[in-house]
Amino acid sequence: MSITPDPTPEAARPDPRPADRHTKSGVAIGLVTVAALVIALVTRGAGVVGIAVLFLIFVPLEKLFALRPMKVFRRGFLTDLTHLLVDNLLITIGLLAAIVVALIPFFWLRRLDVVGGLPTWASVTIAVLITLFGQYWAHRATHQVPLLWRFHSVHHSIENMDWMASARLHPIDQIFTHGAVVIPLFLLGYGGNVFGGVVVFFTLLALFQHANVRLRFPVIRWVINTPEWHHWHHALDREAINTNFGTPVIDWLFGTAYMPKGKVPSGFGTAEPVPPVGYVRQLAYPFTRPARTGRSSGQ
């Protein structure tokens, strides 16, 4: 029996190796993600209970007052859950390292204990002002500085706004944003309980302001970030781009507030090619060529 030679030129034959490489990299990334998730589940028992409680609070709330119809276990849910379980550890380690680095040239300032001799009302006022202004300008910088935007764009890749989407954060992005608040507080003499309070406040606020609810809050909507306010920050609508970085009062002060009456955003997301799913892929994205050659800043 004779075998007819393949007439296809050698150069024209498809190379199976790229597909093999993609398959192997996908398996490796999946295994790393699963490993990170398992470690988080084992080491953060209390955190898992807390997430379960939040699930029982926000899921019924979003079903009763949904702004947009959405499945609970939507695409990307597992990725965002991994962020919620794992990122906190990475962010904490990064913040501690940032504080240590900041202490090297400014240890003398910490030893002065600036707020130690102040009355309670004054120290609380200073802490609130540092928190509000530090968070605003750090967040605004992540939209306007190209290098910072590469990390922050991971968060803006959210296309389905709900409470779980708030967890999609790059740890380096959060180390920078939280560091802009925590480091000044630490250098002025504030203790760990203040840092913990700041982190808990921003975490709970993030869960609330990303929630998929159509509720409006007539009194507090101009005082703290509500879903109505923050959804515009994530909007694809041109007039909403690079607005609503902090609390409404601070944004009004600096001319970046946007909350039109009787309208809702047309959609959410970013033009950047951030992977829509995959925890490790999203962590790696800021270091890839598409991130370096993408848009310079903003949604």
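The values are calculated or read from the model by the stated rules, or taken from the named source; none is laboratory data. Since this is a predicted model, take the numbers as computed values, not measurements. Glycine gets a Cβ as well: all are built from the backbone with ideal geometry, and neighbour counts include every protein chain shown. Each accessible area value is taken on the protein alone, full model and side chains, heavy atoms only, with ligands, DNA and RNA left out. Shrake-Rupley method; radii C 1.70, N 1.55, O 1.52, S 1.80 Å.
General remarks:
- Test: residue in the range 164-171 that is assigned to a helix (DSSP H, G or I), under 29 Å from Ala291 (Cβ atoms) and either open to solvent by 20 Å² or more (accessible area, probe 1.4 Å) or of a type in the set (Ser, Thr, Tyr) (or both): yes
- Flag: Thr243 does not match the condition of being modelled with pLDDT under 95, under 21 Å from Ser166 (Cβ atoms), outside any helix (DSSP H, G or I) and open to solvent by 10 Å² or more (accessible area, probe 1.4 Å).
- Residue pairs whose Cβ atoms lie under 8 Å apart, sitting 6 or more positions apart in sequence or on different chains, and linking a residue in the range 189-217 that is closer than 25 Å to Ile93 by Cβ to a partner that is of a type in the set (D, E, K, R) and loosely packed, with under 13 Cβ neighbours inside 10 Å, are Gly189/Asp113.
- Residue count, the range 111-141 (criterion: part of a helix (DSSP H, G or I) and open to solvent by 60 Å² or more (accessible area, probe 1.4 Å)): 12
- Enumeration of residues in the range 208-228 that are assigned to a helix (DSSP H, G or I) and modelled with pLDDT of 90 or more: Phe208, Gln209, His210, Pro227, Glu228
- Qualifying positions in the range 250-278 - in contact with a Phe, Trp or Tyr (Cβ under 7 Å, 6 or more places away or on another chain) and not in a loop (DSSP other than H, G, I, E, B): Ile250, Asp251
- Considering the range 182-196, and only residues there that are in a helix (DSSP H, G or I) and surrounded by 22 or more Cβ atoms within 10 Å (Cβ to Cβ), the residue that is farthest from the chain's Cα centre (by Cα) turns out to be Phe186.
- Residue match in the range 156-163 (condition: open to solvent by 20 Å² or more (accessible area, probe 1.4 Å), in contact with a strand residue (DSSP E or B) (Cβ under 8 Å, 6 or more places away or on another chain), of a type outside the set (D, E, K, R) and in contact (Cβ under 8 Å) with a residue 40 or more places away in the chain): yes
- From the options Leu207, Leu215, residue that is hydrophobic (A, V, I, L, M, F, W, C) and open to solvent by 20 Å² or more (accessible area, probe 1.4 Å): Leu215
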